[in-house]
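The values are calculated or read from the model by the stated rules, or taken from the named source; none is laboratory data. In this text the structure is predicted, and so the values were computed from the model without any measurement. Using ideal geometry, Cβ is built from the backbone for each residue, glycine included, and neighbour counts are taken over all protein chains shown.
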Amino acid sequence: MSFKCPICGKTFRKLYTLKQHFNQYHDGNICPLCGSKHRLITGHYRQTNDPKHRLCYFLRVHRFRCNPAIRLEALKMLRGG
């Protein structure tokens, strides 16, 4: 099973590795999906009603801070389902 980065498309064998990649290469205060600028990008990811934004939120936050429904949706998207 592989996990695909929603921003650049790079694939990883482990979810942990994808999260590391996302936080290292797609960090900042400008949303890579819509280009809007925010002081706290995680708030933007969480509040936007778009599956890709919620996926980015899942990749940015610690798994215990993420809403279980968002976590389940994100894992389905990452697995291609």
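Tabulated data
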| quantity | calculated |
| --- | --- |
| Members of the range 1-25 found to be touching a Cys at 6+ places or on another chain (Cβ under 8 Å) and at pLDDT below 85, listed by number | none |
| Listing of helices (runs of 4 or more DSSP H) fully contained in the range 7-78 that carry 2 or more residues being in contact (Cβ under 8 Å) with a residue 60 or more places away in the chain and surrounded by 11 or more Cβ atoms within 10 Å (Cβ to Cβ) | 15-25, 68-78 |
| Flag for K4 being in contact with a strand residue (DSSP E or B) (Cβ under 7 Å, 6 or more places away or on another chain) and surrounded by fewer than 17 Cβ atoms within 10 Å (Cβ to Cβ) | yes |
| Hits in the range 23-45 - residues which are of a type in the set (F, W, Y) and touching a Lys or Arg at 6+ places or on another chain (Cβ under 7 Å) | Y45 |
